[in-house]
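Here is the structure we will look at, set down as structure tokens.
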Amino acid sequence: MASRNLNSLIRPLVRQLHAYVPGEQPKIKGLIKLNTNENPYPPSPPVLQAVRAAVDGRLRLYPNPTAERLREKLSRLHRCEPENIIVGNGSDELLALAMRCFVEPEASYRMKDLDNAYFVRVNEAKTKVQYFTPSYSLYPVLADIHGATRNAVLLQPDFALPSIGELKRGNQWSFNAALTFVTTPNAPSGRGYSTRELDALCKAQRGVVVLDEAYVDFADENTMALALKHPHVLVARTFSKAYSLCFQRVGYFVGHPELISALDKIRDSYNVNGLGQIAAEATLDDLAYYRANFRKIIATREELSRELTKLDFRVLPSQTNFILAKPPRFAAKDWLEKLRAKKILVRWFSAPEVKNYLRVTIGTPAEAAALVEAATGILR
């Protein structure tokens, strides 16, 4: 079959998609990897031991389909009920589920009555997914996959959230949108937002709001209370960034049981692998180890920010495990290549709001020192 004929078998929507582009995973050794916001410290010894101990005859069995034990432990941590929690194959799976669960595709859709089927044009707001920009670049990809209407609204020039009054005056933001994503703290800027301003935004929204807290363990505030206060609010968390389990892909939503139950109806069966569940459960039994790591990462973040500032980098305040910095003298994209030549990987984005910046993951103190040394050499 000719390739052009095969292409005709693919949905036009899919043919036109621009896929999400993850950070580079290097295939050569010796690189200092500061480009994908991974934790520089390994899982705790008890977590590694729990995973090793589980590599036995259980591998032939399906895992618990609802991550029951993990949800019970998470419910105790967040002082809610297991029914308030759904666990996913990373929080990305749950973001995609939210799209499918709460947003109608832009095209007309078919509804069935008792005896017949007919087409209905849905209210435009029901097809709308909105988010601030710049933020997590997966959101528009998920919207396009679903055939939803995208509504991207610019943050302030300093990456602050617009006030409710500013959003109303701007006439672009929709308070009726079916689904609103807010990355808090923001990525890629690292800016933190107060619970007070996020509470005001949630109160103003009539559709579902997902507060995406992938980096919240490095921040001063969190919004978990809002998921238990407002029935239309979900908080997304992940074990990847703060808890050193990127390899296992475990994330979760906390929210009203009715929303959680709806999401559960459309998730994949056995969606969270058994070793991931065991690793996440063991992580929750050793939080002191991880909280000590949070403090080390925050201390390295502040030290690196000071050292880069001495080199005339403009480093933005961060509440995450990365910093966004505007480098001196050369274009940010050139710095990306110059640092790579010195075996240091950082991240550069082409979006106009951030194209003059580099995003740098906070590594170990030794990795941060190596970055400063490389930058000093480049400037010389």
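The values are calculated or read from the model by the stated rules, or taken from the named source; none is laboratory data. This structure is a prediction, so every number in the text was calculated from the model and none was measured. FYI the Cβ positions are ideal-geometry reconstructions off the backbone, even for glycines, and counts take in every protein chain you see. Only protein heavy atoms, including side chains, enter the accessible area calculation; ligands, DNA and RNA are left aside. Shrake-Rupley method; radii C 1.70, N 1.55, O 1.52, S 1.80 Å.
In table form, for the structure just shown:
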item: GNM top mover of ALA214, ALA370, ALA67 - the chain, alpha-carbon springs below 10 Å; result: ALA370
item: About the Cα centre, charge dipole magnitude for region 1-69 (Lys/Arg +1, Asp/Glu -1 at Cβ), debye; result: 260 debye
item: Region 221-252: chymotrypsin sites (Phe, Trp or Tyr not before Pro) in DSSP loop, at most 14 other beta carbons within 10 Å; result: PHE247
item: Within region 153-233, chymotrypsin sites (Phe, Trp or Tyr not before Pro) in DSSP loop having at most 16 other beta-carbon neighbours inside 10 Å; result: PHE175
item: Lysine pair number, Cα distance threshold 15 Å (strictly under), region 255-374, separation 8 or more or different chains; result: 5
item: Helix-only mean residue ellipticity at 222 nm for the chain, each DSSP H run of n ≥ 4 adding -39500 (n - 2.57), per residue, nearest 500; result: -11500 deg cm²/dmol
item: Portion, in percent, of the accessible area of region 25-110 that falls on carbon or sulfur, probe 1.4 Å; result: 52 percent
item: Accessible area (Å², per residue) of the chain, counting only protein heavy atoms and a probe of 1.4 Å; result: 50 Å²
item: Nearest-20 debye value, region 267-380 charge dipole, Cβ charges on Lys, Arg, Asp, Glu; result: 600 debye
item: Value of relative contact order over the chain, rounded to a whole percent, pairs C-alpha under 8 Å and six or more apart; result: 22 percent
item: Top of LEU17, LEU94, LEU198 by mean-square fluctuation, Gaussian network on the chain, Cα under 10 Å; result: LEU17
item: Calculated mean projected area of the Cα convex hull in nm² (choose from (1) 18.0; (2) 24.9; (3) 23.1), label; result: (3)
item: Net charge over other residues, Cβ less than 10 angstrom from the Cβ of LYS128 (K, R count +1; D, E count -1); result: -1
item: At 1.567 mPa s and 4 °C, Stokes D of region 176-325 from Kirkwood alpha-carbon radius, µm² per second; result: 77 µm²/s
item: Given charges at Cβ of Lys, Arg, Asp, Glu: the chain dipole, positive-most of VAL103, LEU77, PRO157; result: PRO157
item: Carbon/sulfur fraction of accessible area - region 184-262, other protein chains in place, 1.4 Å, %; result: 50 percent
item: Distance from region 174-230 to region 239-287 (C-alpha centre basis), Å; result: 20 Å
item: Low-density loop positions, chymotrypsin sites (Phe, Trp or Tyr not before Pro), region 284-340 - DSSP coil, at most 16 other Cβ in 10 Å; result: PHE330
